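Note sheet for the following structure.
The values are calculated or read from the model by the stated rules, or taken from the named source; none is laboratory data. A quick note: this is a predicted structure, and the numbers were derived from the prediction, not measured. Backbone-built Cβ (ideal geometry, glycine too); neighbour counts: all protein chains shown.
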Amino acid sequence: MAWFRSLVRVAAIETRKASSNPLSTTPTLYSLKHLSTAASNQRRDPQPTPIQYSGLEPTRPDEKPRVVVLGTGWAGCRLMKDIDTKLYDVVCVSPRNHMVFTPLLASTCVGTLEFRSVAESIGRIQPAISREPGSYFCLANCTSMDTNNHLVHCESVTDGPDSLDPWKFKISYDKLVIASGAQPLTFGIQGVKEHAIFLREVYHAQEIRRKLLLNLMLSQVPGISEEEKSRLLHCVVVGGGPTGVEFSGELSDFIIKDVRQRYAHVKDYIKVTLIEANEILSSFDDRLRQYATRQLTKSGVRLVRGIVKDVKAQKLILTDGTEVPYGLLVWSTGVGPSPLVNSLELPKSPGGRIGVDEWLRVPSVQDVFAIGDCSGFVESTGKAVLPALAQVAERQGKYLAQLLNSIGKAEGGKANMANGMDLGKPFVYKHLGSMATIGRYKALVDLRQSKEAKGLSLSGFMSWFIWRSAYLTRVISWRNRFYVAINWLTTLVFGRDISRI
Ligand SMILES: Cc1cc2nc3c(=O)[nH]c(=O)nc-3n(C[C@H](O)[C@H](O)[C@H](O)COP(=O)(O)OP(=O)(O)OC[C@H]3O[C@@H](n4cnc5c(N)ncnc54)[C@H](O)[C@@H]3O)c2cc1C
(Lines give C-alpha, C1' and ligand atoms only; values in the text may rest on other atoms or scores of the structure.)
Protein backbone atom coordinates (compact mmCIF):
# COMPACT_ATOMS: atom_id res chain seq x y z
CA MET A 1 0.00 0.00 0.00
CA ALA A 2 1.49 3.24 -1.17
CA TRP A 3 0.26 5.24 1.74
CA PHE A 4 1.83 2.82 4.22
CA ARG A 5 5.20 3.37 2.57
CA SER A 6 4.78 7.14 2.46
CA LEU A 7 3.40 7.26 5.98
CA VAL A 8 6.46 5.53 7.29
CA ARG A 9 8.75 7.78 5.31
CA VAL A 10 7.43 10.88 7.05
CA ALA A 11 6.91 9.30 10.45
CA ALA A 12 9.68 9.26 13.01
CA ILE A 13 11.27 5.87 12.76
CA GLU A 14 11.56 4.34 16.14
CA THR A 15 11.03 0.77 17.08
CA ARG A 16 9.56 -0.37 20.31
CA LYS A 17 8.22 -3.65 21.39
CA ALA A 18 4.48 -3.89 20.91
CA SER A 19 2.70 -3.18 24.14
CA SER A 20 1.72 -6.30 26.03
CA ASN A 21 -1.51 -4.56 27.02
CA PRO A 22 -3.87 -4.89 24.05
CA LEU A 23 -5.84 -1.81 25.10
CA SER A 24 -2.79 0.38 25.54
CA THR A 25 -3.07 3.73 23.80
CA THR A 26 0.67 4.42 23.89
CA PRO A 27 1.77 5.11 20.34
CA THR A 28 4.24 2.55 18.99
CA LEU A 29 6.35 3.66 16.05
CA TYR A 30 7.40 1.23 13.38
CA SER A 31 9.93 1.18 10.62
CA LEU A 32 8.76 0.11 7.15
CA LYS A 33 10.03 -3.38 7.80
CA HIS A 34 7.97 -3.58 10.98
CA LEU A 35 4.89 -2.23 9.28
CA SER A 36 4.80 -4.90 6.62
CA THR A 37 5.76 -7.64 9.09
CA ALA A 38 3.08 -6.56 11.52
CA ALA A 39 0.43 -6.54 8.81
CA SER A 40 1.27 -10.00 7.52
CA ASN A 41 1.62 -11.39 11.05
CA GLN A 42 -1.87 -10.21 11.79
CA ARG A 43 -3.37 -12.46 9.19
CA ARG A 44 -1.67 -15.54 10.62
CA ASP A 45 -2.15 -14.80 14.32
CA PRO A 46 -5.66 -15.77 15.48
CA GLN A 47 -5.55 -13.15 18.27
CA PRO A 48 -3.37 -10.34 16.95
CA THR A 49 -2.26 -7.56 19.25
CA PRO A 50 -3.92 -4.27 18.18
CA ILE A 51 -1.28 -2.10 16.56
CA GLN A 52 -0.88 1.64 16.95
CA TYR A 53 1.04 3.57 14.33
CA SER A 54 2.35 7.03 14.90
CA GLY A 55 0.91 8.59 11.73
CA LEU A 56 1.93 11.85 10.08
CA GLU A 57 4.25 14.15 12.03
CA PRO A 58 3.99 17.97 11.94
CA THR A 59 5.21 19.43 8.64
CA ARG A 60 8.82 20.68 8.54
CA PRO A 61 9.55 24.32 7.54
CA ASP A 62 10.76 23.16 4.10
CA GLU A 63 7.53 21.21 3.45
CA LYS A 64 4.21 22.52 2.18
CA PRO A 65 1.56 23.16 4.86
CA ARG A 66 -0.81 20.22 5.30
CA VAL A 67 -4.60 20.57 5.08
CA VAL A 68 -6.39 17.64 6.65
CA VAL A 69 -9.95 17.17 5.36
CA LEU A 70 -12.39 14.91 7.24
CA GLY A 71 -15.00 13.52 4.87
CA THR A 72 -15.58 12.93 1.16
CA GLY A 73 -19.07 14.38 0.87
CA TRP A 74 -20.29 17.44 -0.99
CA ALA A 75 -18.42 19.88 1.22
CA GLY A 76 -15.08 18.06 1.55
CA CYS A 77 -14.90 17.08 -2.13
CA ARG A 78 -15.69 20.55 -3.39
CA LEU A 79 -12.97 21.94 -1.13
CA MET A 80 -10.43 19.36 -2.28
CA LYS A 81 -11.31 19.95 -5.92
CA ASP A 82 -10.60 23.69 -5.67
CA ILE A 83 -7.71 23.80 -3.23
CA ASP A 84 -4.37 24.80 -4.71
CA THR A 85 -2.13 21.75 -4.33
CA LYS A 86 0.92 23.85 -5.20
CA LEU A 87 0.32 25.66 -1.91
CA TYR A 88 -0.83 22.75 0.26
CA ASP A 89 -0.48 19.02 0.72
CA VAL A 90 -3.92 17.50 1.19
CA VAL A 91 -4.62 14.55 3.46
CA CYS A 92 -8.18 13.28 3.34
CA VAL A 93 -9.58 11.01 6.05
CA SER A 94 -12.89 9.30 5.29
CA PRO A 95 -14.51 5.89 5.68
CA ARG A 96 -15.37 5.96 1.96
CA ASN A 97 -13.08 6.73 -0.97
CA HIS A 98 -15.71 8.38 -3.14
CA MET A 99 -18.26 11.14 -3.27
CA VAL A 100 -21.93 10.29 -3.73
CA PHE A 101 -24.14 12.49 -5.90
CA THR A 102 -27.02 12.20 -3.41
CA PRO A 103 -29.80 13.89 -5.44
CA LEU A 104 -29.76 10.91 -7.83
CA LEU A 105 -29.25 8.19 -5.22
CA ALA A 106 -32.97 7.28 -5.02
CA SER A 107 -32.91 6.45 -8.75
CA THR A 108 -30.30 3.74 -8.17
CA CYS A 109 -32.55 1.84 -5.72
CA VAL A 110 -34.86 0.68 -8.51
CA GLY A 111 -32.33 0.47 -11.34
CA THR A 112 -33.14 3.71 -13.19
CA LEU A 113 -29.45 4.49 -12.70
CA GLU A 114 -26.53 2.23 -11.89
CA PHE A 115 -24.66 2.70 -8.61
CA ARG A 116 -21.36 3.75 -10.18
CA SER A 117 -23.09 6.51 -12.11
CA VAL A 118 -23.64 8.48 -8.89
CA ALA A 119 -20.23 7.91 -7.28
CA GLU A 120 -16.84 9.39 -8.13
CA SER A 121 -13.57 8.44 -6.46
CA ILE A 122 -11.60 11.08 -4.60
CA GLY A 123 -8.51 10.33 -6.71
CA ARG A 124 -10.40 11.61 -9.76
CA ILE A 125 -11.83 14.63 -7.99
CA GLN A 126 -8.36 15.70 -6.74
CA PRO A 127 -5.64 13.78 -8.62
CA ALA A 128 -2.88 15.24 -6.38
CA ILE A 129 -4.14 12.95 -3.59
CA SER A 130 -2.92 9.96 -5.57
CA ARG A 131 0.21 11.59 -7.01
CA GLU A 132 1.82 14.16 -4.71
CA PRO A 133 4.33 12.69 -2.24
CA GLY A 134 2.83 14.54 0.75
CA SER A 135 -0.87 14.06 -0.10
CA TYR A 136 -2.85 10.96 0.86
CA PHE A 137 -6.26 9.43 1.16
CA CYS A 138 -6.70 7.51 4.43
CA LEU A 139 -9.56 5.02 4.61
CA ALA A 140 -10.35 5.77 8.23
CA ASN A 141 -12.67 7.50 10.67
CA CYS A 142 -11.57 10.46 12.71
CA THR A 143 -12.31 9.44 16.30
CA SER A 144 -11.21 12.53 18.24
CA MET A 145 -9.01 15.60 17.96
CA ASP A 146 -6.48 17.53 19.99
CA THR A 147 -6.84 21.08 18.74
CA ASN A 148 -4.18 22.41 21.17
CA ASN A 149 -1.56 20.26 19.48
CA HIS A 150 -3.01 20.39 15.94
CA LEU A 151 -3.66 16.62 15.86
CA VAL A 152 -6.48 14.35 14.72
CA HIS A 153 -6.82 10.80 16.02
CA CYS A 154 -8.09 8.26 13.52
CA GLU A 155 -8.91 4.59 13.20
CA SER A 156 -8.57 2.71 9.94
CA VAL A 157 -11.63 1.12 8.33
CA THR A 158 -10.98 -2.48 7.35
CA ASP A 159 -13.11 -5.37 6.20
CA GLY A 160 -12.90 -6.85 9.71
CA PRO A 161 -10.76 -9.54 11.28
CA ASP A 162 -10.60 -11.60 8.07
CA SER A 163 -8.50 -8.88 6.46
CA LEU A 164 -6.90 -6.71 9.15
CA ASP A 165 -7.96 -5.50 12.55
CA PRO A 166 -8.50 -1.71 12.51
CA TRP A 167 -5.62 0.30 13.95
CA LYS A 168 -5.27 3.78 15.37
CA PHE A 169 -3.01 6.55 14.10
CA LYS A 170 -2.56 10.30 14.39
CA ILE A 171 -2.21 13.05 11.82
CA SER A 172 -0.77 16.48 12.47
CA TYR A 173 -2.39 19.31 10.56
CA ASP A 174 -1.60 22.87 9.72
CA LYS A 175 -5.22 23.50 8.79
CA LEU A 176 -8.11 21.17 9.64
CA VAL A 177 -11.39 21.08 7.72
CA ILE A 178 -14.18 19.10 9.37
CA ALA A 179 -16.67 18.02 6.69
CA SER A 180 -17.92 14.81 8.23
CA GLY A 181 -21.64 15.32 7.51
CA ALA A 182 -24.55 14.31 9.69
CA GLN A 183 -26.34 11.10 10.56
CA PRO A 184 -29.95 9.99 10.11
CA LEU A 185 -32.34 10.90 12.92
CA THR A 186 -34.26 8.03 14.51
CA PHE A 187 -35.74 10.01 17.45
CA GLY A 188 -34.78 7.11 19.71
CA ILE A 189 -37.53 4.91 18.22
CA GLN A 190 -36.78 1.29 18.99
CA GLY A 191 -35.98 -1.03 16.12
CA VAL A 192 -35.27 1.61 13.46
CA LYS A 193 -31.52 0.94 13.28
CA GLU A 194 -32.05 -2.82 13.28
CA HIS A 195 -34.88 -3.15 10.76
CA ALA A 196 -35.10 -0.05 8.57
CA ILE A 197 -32.75 0.92 5.74
CA PHE A 198 -31.55 4.52 5.56
CA LEU A 199 -30.94 6.12 2.20
CA ARG A 200 -27.65 8.00 2.46
CA GLU A 201 -24.90 5.86 0.99
CA VAL A 202 -24.51 3.74 -2.14
CA TYR A 203 -24.50 0.57 -0.03
CA HIS A 204 -27.93 1.57 1.36
CA ALA A 205 -29.27 1.85 -2.20
CA GLN A 206 -27.74 -1.56 -3.01
CA GLU A 207 -29.40 -3.09 0.03
CA ILE A 208 -32.78 -1.60 -0.91
CA ARG A 209 -32.53 -2.88 -4.50
CA ARG A 210 -31.53 -6.39 -3.45
CA LYS A 211 -34.30 -6.60 -0.87
CA LEU A 212 -36.95 -5.29 -3.24
CA LEU A 213 -36.01 -7.79 -5.95
CA LEU A 214 -35.71 -10.62 -3.42
CA ASN A 215 -39.21 -9.89 -2.10
CA LEU A 216 -40.61 -9.78 -5.63
CA MET A 217 -39.08 -13.15 -6.45
CA LEU A 218 -40.02 -14.84 -3.17
CA SER A 219 -43.62 -13.70 -3.53
CA GLN A 220 -43.90 -15.77 -6.72
CA VAL A 221 -42.59 -18.98 -5.21
CA PRO A 222 -45.40 -21.57 -4.83
CA GLY A 223 -46.49 -22.21 -1.26
CA ILE A 224 -46.29 -18.65 0.03
CA SER A 225 -49.43 -17.51 1.86
CA GLU A 226 -51.53 -14.58 0.63
CA GLU A 227 -50.84 -12.70 3.85
CA GLU A 228 -47.08 -13.17 3.57
CA LYS A 229 -47.12 -12.16 -0.09
CA SER A 230 -48.90 -8.89 0.76
CA ARG A 231 -46.43 -8.19 3.55
CA LEU A 232 -43.36 -8.90 1.45
CA LEU A 233 -44.59 -6.60 -1.29
CA HIS A 234 -45.53 -3.75 1.02
CA CYS A 235 -42.85 -1.05 0.73
CA VAL A 236 -43.08 1.51 3.51
CA VAL A 237 -41.26 4.83 3.45
CA VAL A 238 -41.12 6.86 6.67
CA GLY A 239 -40.51 10.59 6.18
CA GLY A 240 -42.20 12.85 3.66
CA GLY A 241 -39.27 15.18 2.93
CA PRO A 242 -37.78 15.43 -0.58
CA THR A 243 -35.78 12.17 -0.18
CA GLY A 244 -38.78 10.11 1.00
CA VAL A 245 -41.03 11.58 -1.68
CA GLU A 246 -38.48 11.09 -4.48
CA PHE A 247 -37.90 7.49 -3.42
CA SER A 248 -41.68 6.82 -3.30
CA GLY A 249 -42.01 8.34 -6.78
CA GLU A 250 -39.19 6.14 -8.13
CA LEU A 251 -40.79 3.06 -6.56
CA SER A 252 -44.19 3.80 -8.06
CA ASP A 253 -42.57 4.33 -11.51
CA PHE A 254 -40.82 1.00 -11.13
CA ILE A 255 -44.11 -0.68 -10.23
CA ILE A 256 -46.11 0.92 -13.04
CA LYS A 257 -43.55 0.37 -15.78
CA ASP A 258 -41.53 -2.69 -14.82
CA VAL A 259 -43.26 -4.78 -12.13
CA ARG A 260 -46.55 -4.85 -14.05
CA GLN A 261 -44.79 -6.26 -17.10
CA ARG A 262 -42.21 -8.54 -15.59
CA TYR A 263 -43.81 -9.62 -12.34
CA ALA A 264 -47.37 -9.78 -13.67
CA HIS A 265 -48.33 -12.59 -11.24
CA VAL A 266 -47.86 -10.38 -8.21
CA LYS A 267 -48.52 -6.92 -9.65
CA ASP A 268 -51.72 -6.47 -7.64
CA TYR A 269 -49.98 -7.17 -4.34
CA ILE A 270 -47.20 -4.59 -4.47
CA LYS A 271 -47.97 -1.37 -2.61
CA VAL A 272 -46.15 1.75 -1.47
CA THR A 273 -47.07 3.60 1.73
CA LEU A 274 -45.51 6.92 2.70
CA ILE A 275 -45.85 7.77 6.40
CA GLU A 276 -45.34 11.37 7.51
CA ALA A 277 -46.14 13.01 10.84
CA ASN A 278 -46.99 16.41 9.29
CA GLU A 279 -47.33 17.66 5.72
CA ILE A 280 -45.20 16.07 3.00
CA LEU A 281 -42.58 18.36 1.40
CA SER A 282 -43.01 21.01 4.09
CA SER A 283 -40.25 23.18 2.55
CA PHE A 284 -42.36 23.70 -0.61
CA ASP A 285 -45.39 26.01 -0.82
CA ASP A 286 -49.01 24.87 -0.53
CA ARG A 287 -49.71 24.75 -4.26
CA LEU A 288 -46.69 22.53 -5.03
CA ARG A 289 -47.41 20.33 -2.02
CA GLN A 290 -51.00 19.74 -3.09
CA TYR A 291 -49.85 18.94 -6.62
CA ALA A 292 -47.34 16.41 -5.27
CA THR A 293 -50.01 14.83 -3.05
CA ARG A 294 -52.39 14.44 -6.01
CA GLN A 295 -49.73 12.98 -8.29
CA LEU A 296 -48.40 10.53 -5.73
CA THR A 297 -51.93 9.34 -4.94
CA LYS A 298 -52.63 8.89 -8.68
CA SER A 299 -49.46 6.81 -8.94
CA GLY A 300 -50.77 4.51 -6.22
CA VAL A 301 -48.69 5.78 -3.27
CA ARG A 302 -50.78 5.62 -0.07
CA LEU A 303 -50.10 8.71 2.07
CA VAL A 304 -50.57 8.11 5.78
CA ARG A 305 -50.44 10.86 8.43
CA GLY A 306 -48.99 9.20 11.51
CA ILE A 307 -46.13 8.93 14.00
CA VAL A 308 -44.12 5.74 14.25
CA LYS A 309 -43.71 4.52 17.84
CA ASP A 310 -42.02 1.15 17.42
CA VAL A 311 -40.40 -0.87 14.64
CA LYS A 312 -40.40 -4.67 14.70
CA ALA A 313 -38.80 -7.06 12.22
CA GLN A 314 -41.89 -7.36 10.01
CA LYS A 315 -44.21 -4.58 11.11
CA LEU A 316 -44.17 -1.09 12.52
CA ILE A 317 -46.57 0.36 15.04
CA LEU A 318 -47.97 3.89 14.96
CA THR A 319 -48.81 5.94 18.08
CA ASP A 320 -52.54 5.36 17.47
CA GLY A 321 -51.92 1.60 17.71
CA THR A 322 -52.17 0.86 13.96
CA GLU A 323 -49.90 -1.98 12.90
CA VAL A 324 -48.31 -1.72 9.46
CA PRO A 325 -46.73 -4.94 8.15
CA TYR A 326 -43.89 -4.34 5.69
CA GLY A 327 -41.42 -6.22 3.50
CA LEU A 328 -39.18 -3.22 2.87
CA LEU A 329 -38.83 -0.28 5.24
CA VAL A 330 -36.93 2.85 4.21
CA TRP A 331 -36.31 5.51 6.85
CA SER A 332 -35.78 9.11 5.83
CA THR A 333 -36.72 11.51 8.61
CA GLY A 334 -33.91 14.04 8.39
CA VAL A 335 -30.44 14.28 9.88
CA GLY A 336 -28.78 15.39 13.11
CA PRO A 337 -25.28 15.63 14.60
CA SER A 338 -23.13 12.50 14.37
CA PRO A 339 -21.54 10.82 17.43
CA LEU A 340 -18.17 12.38 16.44
CA VAL A 341 -19.66 15.89 16.40
CA ASN A 342 -21.45 15.26 19.71
CA SER A 343 -18.20 14.10 21.29
CA LEU A 344 -16.09 17.08 20.21
CA GLU A 345 -15.42 19.73 22.81
CA LEU A 346 -15.85 22.58 20.36
CA PRO A 347 -18.31 25.48 20.30
CA LYS A 348 -21.72 24.35 19.02
CA SER A 349 -24.46 26.03 17.01
CA PRO A 350 -28.14 25.80 17.96
CA GLY A 351 -29.08 22.20 17.17
CA GLY A 352 -25.72 20.79 18.24
CA ARG A 353 -23.68 21.15 15.05
CA ILE A 354 -20.06 22.37 15.18
CA GLY A 355 -20.25 26.15 15.60
CA VAL A 356 -18.57 28.38 13.01
CA ASP A 357 -18.17 32.11 12.48
CA GLU A 358 -18.84 33.97 9.19
CA TRP A 359 -15.52 32.71 7.73
CA LEU A 360 -16.43 29.10 8.64
CA ARG A 361 -13.74 29.03 11.34
CA VAL A 362 -14.45 27.24 14.60
CA PRO A 363 -14.16 30.01 17.22
CA SER A 364 -11.76 29.65 20.16
CA VAL A 365 -9.43 27.18 18.39
CA GLN A 366 -6.72 27.88 15.83
CA ASP A 367 -6.76 26.64 12.22
CA VAL A 368 -9.96 24.57 12.46
CA PHE A 369 -12.83 25.05 9.99
CA ALA A 370 -16.14 23.19 9.66
CA ILE A 371 -18.36 22.99 6.58
CA GLY A 372 -21.46 21.19 5.33
CA ASP A 373 -24.09 19.34 7.35
CA CYS A 374 -21.82 19.03 10.41
CA SER A 375 -21.55 22.80 10.90
CA GLY A 376 -23.78 25.75 11.74
CA PHE A 377 -23.28 29.40 12.59
CA VAL A 378 -22.75 30.10 16.29
CA GLU A 379 -25.48 32.20 17.90
CA SER A 380 -23.22 35.24 18.28
CA THR A 381 -23.05 35.67 14.46
CA GLY A 382 -26.79 36.42 14.49
CA LYS A 383 -27.18 34.10 11.48
CA ALA A 384 -29.55 31.15 11.22
CA VAL A 385 -28.17 27.62 10.94
CA LEU A 386 -28.29 26.76 7.23
CA PRO A 387 -30.33 23.78 5.99
CA ALA A 388 -28.66 20.40 5.49
CA LEU A 389 -28.41 20.70 1.72
CA ALA A 390 -25.87 19.82 -0.93
CA GLN A 391 -26.00 23.35 -2.29
CA VAL A 392 -24.98 24.75 1.11
CA ALA A 393 -22.21 22.18 1.58
CA GLU A 394 -20.84 22.62 -1.93
CA ARG A 395 -20.73 26.39 -1.73
CA GLN A 396 -19.09 26.32 1.68
CA GLY A 397 -16.46 23.95 0.27
CA LYS A 398 -15.84 26.28 -2.66
CA TYR A 399 -15.65 29.36 -0.43
CA LEU A 400 -13.28 27.72 2.04
CA ALA A 401 -10.96 26.47 -0.71
CA GLN A 402 -10.64 30.06 -1.96
CA LEU A 403 -10.10 31.33 1.57
CA LEU A 404 -7.38 28.74 2.27
CA ASN A 405 -5.74 29.49 -1.08
CA SER A 406 -5.55 33.18 -0.26
CA ILE A 407 -4.21 32.37 3.23
CA GLY A 408 -1.60 30.09 1.65
CA LYS A 409 -0.54 32.76 -0.84
CA ALA A 410 -0.10 35.22 2.03
CA GLU A 411 2.26 32.72 3.79
CA GLY A 412 -0.35 31.90 6.42
CA GLY A 413 -0.70 28.20 5.55
CA LYS A 414 1.40 26.77 8.38
CA ALA A 415 -0.08 26.14 11.82
CA ASN A 416 -0.77 29.33 13.80
CA MET A 417 0.45 31.54 10.95
CA ALA A 418 -2.93 32.98 9.95
CA ASN A 419 -3.67 34.57 13.33
CA GLY A 420 -4.91 38.11 12.89
CA MET A 421 -4.83 37.88 9.09
CA ASP A 422 -7.47 39.81 7.12
CA LEU A 423 -9.68 37.07 5.67
CA GLY A 424 -11.67 39.24 3.28
CA LYS A 425 -15.37 38.72 2.60
CA PRO A 426 -17.30 36.36 4.89
CA PHE A 427 -19.35 33.43 3.56
CA VAL A 428 -22.81 34.48 2.41
CA TYR A 429 -25.41 31.90 1.41
CA LYS A 430 -28.02 32.66 -1.22
CA HIS A 431 -30.60 29.91 -1.68
CA LEU A 432 -30.98 28.97 -5.35
CA GLY A 433 -34.25 27.09 -4.94
CA SER A 434 -35.42 23.51 -4.47
CA MET A 435 -36.38 20.68 -6.78
CA ALA A 436 -37.94 17.25 -6.24
CA THR A 437 -39.19 14.55 -8.61
CA ILE A 438 -42.44 12.82 -7.81
CA GLY A 439 -42.47 10.10 -10.49
CA ARG A 440 -44.32 9.70 -13.80
CA TYR A 441 -42.17 12.38 -15.51
CA LYS A 442 -43.33 15.02 -13.03
CA ALA A 443 -41.33 17.22 -10.66
CA LEU A 444 -41.53 20.36 -8.56
CA VAL A 445 -39.20 23.28 -9.14
CA ASP A 446 -39.24 26.22 -6.76
CA LEU A 447 -36.71 28.89 -7.66
CA ARG A 448 -37.72 31.31 -4.91
CA GLN A 449 -35.39 32.12 -2.06
CA SER A 450 -38.13 31.34 0.46
CA LYS A 451 -41.75 30.17 0.42
CA GLU A 452 -42.94 33.78 0.88
CA ALA A 453 -40.63 35.38 -1.73
CA LYS A 454 -41.65 36.15 -5.32
CA GLY A 455 -40.22 34.12 -8.19
CA LEU A 456 -40.70 31.08 -10.37
CA SER A 457 -42.33 27.93 -9.05
CA LEU A 458 -43.39 25.18 -11.44
CA SER A 459 -44.76 21.68 -11.39
CA GLY A 460 -45.35 19.00 -14.00
CA PHE A 461 -43.46 17.67 -17.02
CA MET A 462 -41.56 20.93 -17.71
CA SER A 463 -40.25 20.87 -14.12
CA TRP A 464 -39.20 17.26 -14.56
CA PHE A 465 -37.27 18.26 -17.68
CA ILE A 466 -35.59 21.13 -15.78
CA TRP A 467 -34.81 18.73 -12.88
CA ARG A 468 -33.14 16.21 -15.18
CA SER A 469 -31.21 18.84 -17.17
CA ALA A 470 -30.06 20.60 -14.00
CA TYR A 471 -28.75 17.43 -12.39
CA LEU A 472 -27.15 16.18 -15.59
CA THR A 473 -25.08 19.36 -15.71
CA ARG A 474 -24.36 19.30 -11.96
CA VAL A 475 -23.28 15.65 -11.80
CA ILE A 476 -19.74 15.23 -10.45
CA SER A 477 -17.65 14.62 -13.58
CA TRP A 478 -17.89 14.07 -17.34
CA ARG A 479 -17.52 10.36 -16.73
CA ASN A 480 -20.58 10.36 -14.40
CA ARG A 481 -22.50 12.64 -16.77
CA PHE A 482 -21.95 10.15 -19.57
CA TYR A 483 -22.99 7.18 -17.38
CA VAL A 484 -26.13 8.97 -16.17
CA ALA A 485 -27.21 9.95 -19.70
CA ILE A 486 -26.64 6.39 -20.97
CA ASN A 487 -28.49 4.87 -17.99
CA TRP A 488 -31.49 7.15 -18.54
CA LEU A 489 -31.58 6.25 -22.23
CA THR A 490 -31.21 2.51 -21.53
CA THR A 491 -34.03 2.64 -18.97
CA LEU A 492 -36.26 4.49 -21.41
CA VAL A 493 -35.66 2.00 -24.22
CA PHE A 494 -35.26 -1.33 -22.40
CA GLY A 495 -36.79 -0.70 -18.95
CA ARG A 496 -35.01 -1.08 -15.62
CA ASP A 497 -32.60 -3.90 -14.91
CA ILE A 498 -34.42 -6.36 -12.66
CA SER A 499 -31.72 -9.01 -12.28
CA ARG A 500 -30.70 -9.60 -8.67
CA ILE A 501 -26.93 -9.86 -8.89
C1 LIG B 1 -30.82 10.58 -0.81
C2 LIG B 1 -30.46 12.02 -0.61
C3 LIG B 1 -30.88 12.97 -1.53
C4 LIG B 1 -30.53 14.30 -1.37
N5 LIG B 1 -30.95 15.21 -2.30
C6 LIG B 1 -30.56 16.50 -2.19
C7 LIG B 1 -30.93 17.44 -3.18
O8 LIG B 1 -31.61 17.11 -4.14
N9 LIG B 1 -30.50 18.72 -3.04
C10 LIG B 1 -29.74 19.11 -1.97
O11 LIG B 1 -29.36 20.28 -1.89
N12 LIG B 1 -29.39 18.24 -1.00
C13 LIG B 1 -29.77 16.95 -1.09
N14 LIG B 1 -29.42 16.05 -0.12
C15 LIG B 1 -28.64 16.51 1.06
C16 LIG B 1 -27.17 16.54 0.74
O17 LIG B 1 -26.75 15.31 0.19
C18 LIG B 1 -26.36 16.81 2.00
O19 LIG B 1 -26.76 18.03 2.53
C20 LIG B 1 -24.89 16.83 1.68
O21 LIG B 1 -24.47 15.54 1.34
C22 LIG B 1 -24.06 17.34 2.84
O23 LIG B 1 -22.73 17.31 2.46
P24 LIG B 1 -21.58 17.07 3.55
O25 LIG B 1 -20.30 17.10 2.80
O26 LIG B 1 -21.75 18.00 4.67
O27 LIG B 1 -21.88 15.63 4.14
P28 LIG B 1 -21.91 14.24 3.40
O29 LIG B 1 -22.15 14.41 1.95
O30 LIG B 1 -22.87 13.41 4.19
O31 LIG B 1 -20.44 13.67 3.59
C32 LIG B 1 -19.89 13.39 4.86
C33 LIG B 1 -18.59 12.65 4.66
O34 LIG B 1 -17.93 12.50 5.90
C35 LIG B 1 -17.53 11.14 6.07
N36 LIG B 1 -17.44 10.87 7.50
C37 LIG B 1 -18.41 10.55 8.36
N38 LIG B 1 -17.91 10.36 9.60
C39 LIG B 1 -16.57 10.57 9.51
C40 LIG B 1 -15.50 10.53 10.45
N41 LIG B 1 -15.70 10.22 11.73
N42 LIG B 1 -14.25 10.79 10.01
C43 LIG B 1 -14.04 11.10 8.69
N44 LIG B 1 -15.00 11.17 7.78
C45 LIG B 1 -16.28 10.91 8.18
C46 LIG B 1 -18.63 10.36 5.32
O47 LIG B 1 -18.21 9.07 5.00
C48 LIG B 1 -18.77 11.24 4.10
O49 LIG B 1 -17.76 10.96 3.18
C50 LIG B 1 -29.76 14.71 -0.25
C51 LIG B 1 -29.34 13.75 0.68
C52 LIG B 1 -29.68 12.42 0.50
C53 LIG B 1 -29.21 11.41 1.50
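Side notes on the structure shown:
- Tally of residues being touching a Gly at 6+ places or on another chain (Cβ under 8 Å) and either free of Cβ contacts under 8 Å to residues at least 40 places away in the same chain or within 16 Å of the ligand (Cβ to nearest atom) (or both) across the range 408-432: 1
- Against the conditions (1) of a type outside the set (Asp, Glu); (2) within 22 Å of Leu344 (Cα to Cα); (3) touching a helix residue (DSSP H, G or I) at 6+ places or on another chain (Cβ under 8 Å); (4) away from the ligand (no atom under 11 Å from the Cβ), Tyr136 satisfies every one except (2).
- Whichever residue in the range 362-385 is surrounded by 15 or more Cβ atoms within 10 Å (Cβ to Cβ) and free of Cβ contacts under 8 Å to residues at least 40 places away in the same chain and, among such residues, is nearest to the ligand (Cβ to nearest atom): Gly376
For (1) of a type in the set (A, V, I, L, M); (2) at pLDDT 95 or above; (3) buried (at least 16 other Cβ atoms within 10 Å of the Cβ), each residue gets a yes or a no:
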{"residue": "Glu276", "(1), (2), (3)": "no, yes, yes"}
{"residue": "Asp286", "(1), (2), (3)": "no, no, no"}
{"residue": "Tyr291", "(1), (2), (3)": "no, yes, yes"}
{"residue": "Thr297", "(1), (2), (3)": "no, yes, no"}
{"residue": "Val301", "(1), (2), (3)": "yes, yes, yes"}
{"residue": "Gly306", "(1), (2), (3)": "no, yes, yes"}
{"residue": "Lys312", "(1), (2), (3)": "no, yes, no"}
{"residue": "Lys315", "(1), (2), (3)": "no, yes, yes"}
{"residue": "Thr319", "(1), (2), (3)": "no, yes, no"}
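- Filtering the range 238-252 to residues that are more than 12 Å from the ligand (Cβ to nearest atom) and under 17 Å from His195 (Cβ atoms) leaves only Val238.
- Filtering the range 387-403 to residues that are within 16 Å of the ligand (Cβ to nearest atom) and either among the acidic types (Asp, Glu) or in a helix (DSSP H, G or I) (or both) leaves Ala390, Gln391, Val392, Ala393, Glu394, Arg395, Gln396, Gly397, Lys398, Tyr399, Leu400, Ala401.
- Matching residues, the range 321-346, being without any contact (Cβ under 8 Å) to a residue 24 or more places away in the chain and either more than 26 Å from Ile270 (Cα to Cα) or buried (at least 19 other Cβ atoms within 10 Å of the Cβ) (or both): Asn342, Glu345
- Within the range 68-88, if we keep just the residues that are within 6 Å of the ligand (Cβ to nearest atom) and outside any loop (DSSP other than H, G, I, E, B), the residue that is nearest to the chain's Cα centre (by Cα) turns out to be Trp74.
- Residue check, Val118 within 9 Å of the ligand (Cβ to nearest atom) and buried (at least 17 other Cβ atoms within 10 Å of the Cβ): no
- The range 339-385, residues that are of a type in the set (A, V, I, L, M, F, W, C), farther than 22 Å from Gly188 by Cβ and not in a loop (DSSP other than H, G, I, E, B): Ile354, Val356, Val368, Phe369, Ala370, Phe377
- Among the residues making up the range 449-501, a single one is of a type in the set (S, T, N, Q), within 23 Å of the chain's Cα centre (by Cα) and not in a helix (DSSP H, G or I): Ser477.
- Residue count for the range 165-180, restricted to those that are part of a loop (DSSP other than H, G, I, E, B) and within 11 Å of the ligand (Cβ to nearest atom): 2.
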